[in-house]
Amino acid sequence: PARSSGRRASGSGGRPPHACVCCQRGRGAGRPRWLLPWRKEAEAAAAGGGEPAGPPLPPWAASLPSAPDREPRPPMRLCLAWLGCYTLSLWVLRKRMWAGPARYLRSPLSRSLYANMMGSLGPTEPGLKESHQWYLCNTEQLCESLQPVFVQSYLDQGTQIFLNNSIEKSGWLFIQLYHSFVSSVFSLFMSRTSINGLLGRGSMFVFSPDQFQRLLKINPDWKSRRLLDLGAGDGEVTKVMSPHFEEIYATELSETMIWQLQKKKYRVLGINEWQNTGFQYDVISCLNLLDRCDQPLTLLKDIRNVLEPTRGRVILALVLPFHPYVENVGGKWDKPSEVLDIKGLTWEEQVNSLLEVFRKAGFAIEAFTRLPYLCEGDMYNDFYVLDDAVFVLKPV
């Protein structure tokens, strides 16, 4: 302003013009900011032996320190603006999904099923017609050998607690925004499973303690020696089975999930170690793993070899309809190298075809049921659900 008005600073101390308080703060303290490019130009010209372009420096400017060479600052404002827009867009999207008719876009099936379940707070008694459709099976479409071993399951308190917790967590807006942002960045070099293990989210639910005991036909005090949980994930399903065993072993590919298992004090074995420990297991659980591994037939044979031959049992869960793929880094899906010969279109038809698959691997079906395979939700869904067939297999 002084330069435009032609005024000069007053005082006998030779104070340079524009050397006000604001000029002497922060960057370049001790010299006016407008002088920095002037000073640098003069220094560059002097070093090159030439004359500076423009008017010479005033005498009082010679005593000022040289302007430092500063690295260009990153565009922090641009980064913050992008992050703010990203957060705002996710928040607006969530609000619109809950507003007006658009709220039905947010997993209408899950909403309607959950509304039906909320009408029954207590466990449903076996044999009632009000059984939830997640658990329904048309036994008339099952082959004769499977009809008597089907176990009808029902919505119980353990399942209800998981659903309530999932719904509550999906409403934690800022936590869900953080998870969404981290997932979008880390998905470039990490699998979805590893990201969930890192964030401590996406826990799975296969069966409650009561459903597990009813399927195995055991009482709450039943005990055995060794449990092996293959592909244990974060260990939440392992926790349901662990009270019945003295020794608990688990396997997992994801390093972050292994970290979660170790925090729960489970003994984690390598994917090529559990077959060569020198001892056998009383119960081996293989829950929703056959459709996500590269060699499912080899896996079934390895399970048969390390299972206790007389009293040993396998708890095997499989999502139906059967759609196998192998998850790789970056969310890439590949086809497995071994294919299970599963036929049919309906849940019951595919269960019938599994009878022969298990027989070739050395197993017979002792019991099976239909259960929902549940997963914690996110900003967009309270929870996710798939149809599971859960089998108890015995060696033959």
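The values are calculated or read from the model by the stated rules, or taken from the named source; none is laboratory data. Please read these numbers as outputs of a predicted model, since none were measured by experiment. Positions of Cβ are backbone-derived with ideal geometry, glycine not excepted, and every protein chain shown enters the neighbour counts. Surface areas here come from the heavy atoms of the whole protein model, side chains and all, with no ligands, DNA or RNA. Shrake-Rupley method; radii C 1.70, N 1.55, O 1.52, S 1.80 Å.
Observations
- Of all residues in region 217-230, those that are touching a residue at least 60 places away in the same chain (Cβ under 8 Å) and either farther than 23 Å from T277 by Cβ or β-branched (V, I, T) (or both) total 1.
- Residues that are under 17 Å from L287 (Cβ atoms) and open to solvent by 30 Å² or more (accessible area, probe 1.4 Å) within region 343-369 comprise just one, E366.
- Only one of Q260, Q275 that is outside any loop (DSSP other than H, G, I, E, B) and over 28 Å from D156 (Cβ atoms): Q275
- Some residue of region 264-286 being aromatic (F, W, Y), touching a residue at least 40 places away in the same chain (Cβ under 8 Å) and in contact with a Phe, Trp or Tyr (Cβ under 8 Å, 6 or more places away or on another chain): yes
- Restricting region 242-300 to residues that are of a type outside the set (D, E, K, R) and at positive phi leaves a set whose member that is most open to solvent (accessible area, probe 1.4 Å) is G278.
- When E348, E366, E327, E338 are checked against the criterion of being over 20 Å from the mean Cα position of the chain (by Cα), modelled with pLDDT under 95 and of a type in the set (D, E), a single residue qualifies: E338.
- Exclusive hit being within 26 Å of F363 (Cβ to Cβ), touching a residue at least 60 places away in the same chain (Cβ under 8 Å), over 21 Å from the mean Cα position of the chain (by Cα) and open to solvent by 70 Å² or more (accessible area, probe 1.4 Å), set Q147, Q141, Q152: Q141
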